[in-house]
Every structure is written in C-alpha cells, then in structure tokens.
Amino acid sequence: AQGRLASGHSLAEAAATLVGEGAGALGLGCGTHPDTLSALLPQILSAGVPVAVLAGIARPDRPSPYTGAPAWQPRAFADAISPLVAQGASIVGGCCHVTPRHIRALAGVLGAAIPADPSRSATQPMG
C-alpha cells in the first residue's frame, strides 16, 4: 500500500527508527514518482530532520517508462517538484530519466542558480 514498506511499516515508523539510530537526514528517491511525493513527504518530515526528495519520472507499471510524454517534460517536472520545497523538503532533484534539462527547469522555477558547467559541485563558488 502507498506509504508502507514491504515489511508493512509506515514511512513515519521507518523514519523515526532511522533518526533514532542516528540518521541526520532522510530522503525519498528512486522509485518515487512526482505524482506521489506530496502524500509521502509529510510522513518522512514527521521525523524532524532534513529531507531530500529525488524523484524519478520512470513508471515501473509501463513497459516504456519514459517516452518524452508532455506530462513529464522539464517544466512539468519542475512544476510538480517545486511545491515540495514549500511543503518542507530541504533538497530536491531527480533520478530515473530526469535529465539536466529537468533540473535546470526546476532550478528556474525555484529561482536557484546552478553552474553552467555541470561538473562543478554545489559547494564550489559560482563566481
């Protein structure tokens, strides 16, 4: 069921256990589709640590997970992910089938500056 691990535990239970064991941050990642994140995020945020959201746009229930369908073009991806920052996500990005174009669109929507050279890390000065 959505929001439950294969063990049957809720995400909130898993998050609390991980934080109890010393995790300083948690994340939702690969396999988490943008259209399900807003429902899952509060369960992870309940643990009280920073949360990263790295959504993929592949769909495991479809034989060809990403065909460039308009629903997940870069701007649509950015529009789906950006509200998660207001919801409490500390880090947002992408994984499966998310391209640099998607991340640039997300950065644009969020008003964030990203380096023109993708080999530069976020910790390096942009100057």
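Evaluate the distance, in nm, between pseudo-label points positioned 7 Å from the Cα of D79 and of S10 along their respective Cα→Cβ axes.
With each label point 7 Å from Cα toward Cβ, the separation is 3.2 nm.
Using the beta-carbon distance between A23 and A86 and R0 = 25 Å, what value does 1/(1 + (r/R0)^6) give for FRET efficiency, to the nearest 0.05?
Once rounded, the FRET efficiency stands at 0.60.
Tell me, in nm to one decimal, what length is gained between A52 and A107 on full extension, where the rule is 0.36 nm per residue of separation less the Cα-Cα distance?
Value of the extension gain: 18.3 nm.
No lab work stands behind these numbers, since they all come straight from the coordinates. These numbers were taken from a predicted model, which means no experiment stands behind them. Heads up, the Cβs are rebuilt from the backbone with ideal geometry, glycines too, and the neighbour counts pull from every protein chain shown.
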